[in-house]
Structures are given as structure tokens and as C-alpha cells.
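A.B. asks: One structure coming up, written as C-alpha cells, with questions to follow.
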Amino acid sequence: MKPSEFDSFKDFFEYNLKVTARNQSGKKVLTLQELAQMLGYNSASTLSMVANGTRLPSASLLEGLFQIWKTKPAERERIRLNVEIERREKKGKPVYGLAHQLNRLSSYHKIDLTGFKLIRDWYVLVVKLLVGGSRFQEDPIWISRRLRKKVTPKEAAMALKLLEETGLIIRDQQTGKLRPGKTETETTHEITSESIRANHRGMISRALEAIEEQTVQGRQFNSLAVQFDRTKLPLAKERILGFVKSFNKEFGSETANEIYQLNVQFFEHTDEGTRHDV
């Protein structure tokens, strides 16, 4: 596992801290306080906030960590871009140019800039589904409220603009109202992509929130730990994908006004798999 595989600074920080904080026998040799002192800080409070994801590093802190951890030049540039993208997204600022630069540096499957933004933000395709409802209002504030204020009106407006630009929604020439264009949207399978990984994280975050915010009558959560033969993994993945498609065929509706999310996660608890699958 390399630092350049990470899409957020928090993961990058935790990974490198773990690597440098323990020796080969697993004994701890470096504390957060000691790392702070190496960087010229009197206390570890700043690093603690960075470690828990509540604060992004300053440029000087980032460069200091690069030197201590001997981060390779290519990995440094990738992390710098990721940090700036995270910073701008927190402020609601556009990240198109930075996303383009990051995509060019990435070893993952390349998608164009429009596709990066379309898939990366979890709510864009959800807004597309809202457009198909009979009660849809072309109002970013209305969209924000309908999506439980999990998106801002600015993000809703950006999603509408992006969807219209890509033809996923179109404006009816007779009524002037928006309506779905291409009815079904599907990402690639078995190809690693930064944007798809980000989308998965967004959807999983919504699922975690639903545990606390929605009633058991309005949601369904199940989990299964199973002893599994990895040689059957291709067949298992094919079966899961088939289930998702058949579920959509049976229960999906082009006229319904409510939007639900079905997440299916199948991953390894033990240590023989890879981290690259999307």
C-alpha cells in the first residue's frame, strides 16, 4: 500500500504515522507529541485535529511531513492537490481545474473532467432521479430541502447545470421544464477510479446517517459475515451485480417522487485482498 493510493489527507496522515510510529516488532517508537516537536510545534493539538480530520494541514506543515516521511515527489504533488480539493470543497468552491490536474497524475482509470465531477459527488445522480418525479421543482432550495439538506442550494444548482450539460436531463421544448434524458446511468465495473471511490464514500456516509436519522420502518439494514472461498469471487460479484440490476428492474419507477438508495458492500475482513477495487 502506497501513500499515493489515498484520496484524502486524513488517510495519508494515518498511514504514514502508523508506519513511522512503530518498529518492525510493532513497538511504538514515535508519539504524536514527538512528531509535533520534530515539526517545531510546542504541542500536538494541531496534529490531533489533522489526525481526526477536523483540520487540513497548512502548506508549511504539509511540506514538513513530506520531509520527515521522505515522501516521493510524485506522491507529494498528488497529496497537495487532494488537500487543496478538500479545502475548496469545504468552502463550497469549484474544483474542476484541480480535479483535472489530479486525474492526469493518477494511476487509476482516466475519465474526462465532466465524468469526474458527475460521478464523484454522490448527489448529482440523485438529483437526476428527482427531476423525473411529478412534484419536481427547478429550485435549488427545494432540492436541498428534499435531500434532507445534505446538499446546499449551490451544490443543487451545480448538479442541475452539470446534468443538463451532459444530456442526462433535458429541457422540454414545449413546456420549458426539465425532464430526464438518458434514463439509466451506470458506471464502469472492475476498473479503479478516484471519482467512483469518492462516490462510494459519499453514499456510505449517507447510509451511516440513516441509521440515526431514519426509522427502522423506513429503512432496511442487514449484514453477513461468511467464510468464503476467494476462487469464487468473480461468480459472487457477478451474482451481486445481477441482483442490483434485477432489483432496479422490479422496483425502479420513472414516475415515483421518493428517492431511495441501495448499497451492496461485499469486502474482505481478512488480509489477502487488495485495496484497489472500486
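A.B. asks: Output wanted: per-residue J couplings in Hz (rounded whole) for region 154-171, from phi through Karplus 6.51 cos²θ - 1.76 cosθ + 1.60, θ = phi - 60°, x for Gly and Pro.
C.D. replies: Running phi through 6.51 cos²θ - 1.76 cosθ + 1.60 with θ = phi - 60° gives 5, 5, 4, 5, 5, 5, 4, 4, 5, 5, 6, 5, 8, x, 6, 10, 9, 9 Hz.
A.B. asks: Please arrange His269, His200 by how many other C-beta atoms lie within 10 Å of their C-beta, fewest to most.
C.D. replies: Fewest-to-most ranking of His269, His200: His269, His200.
A.B. asks: Kindly write out, for region 118-126 in residue order, the coupling ³J(HN,Hα) from the Karplus curve 6.51 cos²θ - 1.76 cosθ + 1.60 (θ = phi - 60°), rounded to whole Hz, with x marking Gly and Pro.
C.D. replies: Listing the rounded values in order: 4, 8, 4, 8, 4, 7, 4, 6, 5 Hz.
A.B. asks: Another question, then. Counting Lys and Arg as +1 and Asp and Glu as -1, what is the net charge of the other residues whose Cβ lies under 13 Å from the Cβ of Thr31?
C.D. replies: Cβ neighbours under 13 Å give a net charge of +3.
A.B. asks: State which entries of Lys90/Lys161; Lys28/Lys90; Lys150/Lys177 exceed 30 angstrom in Cα-Cα distance in the structure shown.
C.D. replies: Check vs 30 Å cut-off fails for Lys28/Lys90.
A.B. asks: With a point put 7 Å past each Cα toward its Cβ, work out how far Glu238 is from Ile170 in nm, to one decimal.
C.D. replies: That separation, rounded to one decimal, is 3.6 nm.
A.B. asks: Once amide H atoms are built 1.01 Å from N in the peptide plane, which residues 5 or more positions from Arg22, or in another chain, come under 5 Å H to H?
C.D. replies: Those lying under 5 Å, H to H, from Arg22 are Val29.
A.B. asks: So what J values fall out for region 30-44 if you push phi through Karplus, 6.51 cos²θ - 1.76 cosθ + 1.60 with θ = phi - 60°, rounded to Hz, Gly and Pro as x?
C.D. replies: So the Karplus estimates, Gly and Pro as x, are 9, 9, 4, 5, 5, 5, 4, 5, 4, 8, x, 9, 6, 9, 8 Hz.
A.B. asks: Would you please give the residues with an amide H less than 5 Å from that of Ile170, counting only those at least 5 places away or on a separate chain, with H modeled from the backbone geometry?
C.D. replies: Amide H to amide H, under 5 Å and 5 or more residues apart or across chains, Ile170 pairs with Arg179, Gly181.
No lab work stands behind these numbers, since they all come straight from the coordinates. Since the structure is predicted, the reported quantities are computational estimates derived from the model, not experimental observations. Neighbour counts run over all protein chains shown; Cβ positions are idealised from the backbone, glycine included.
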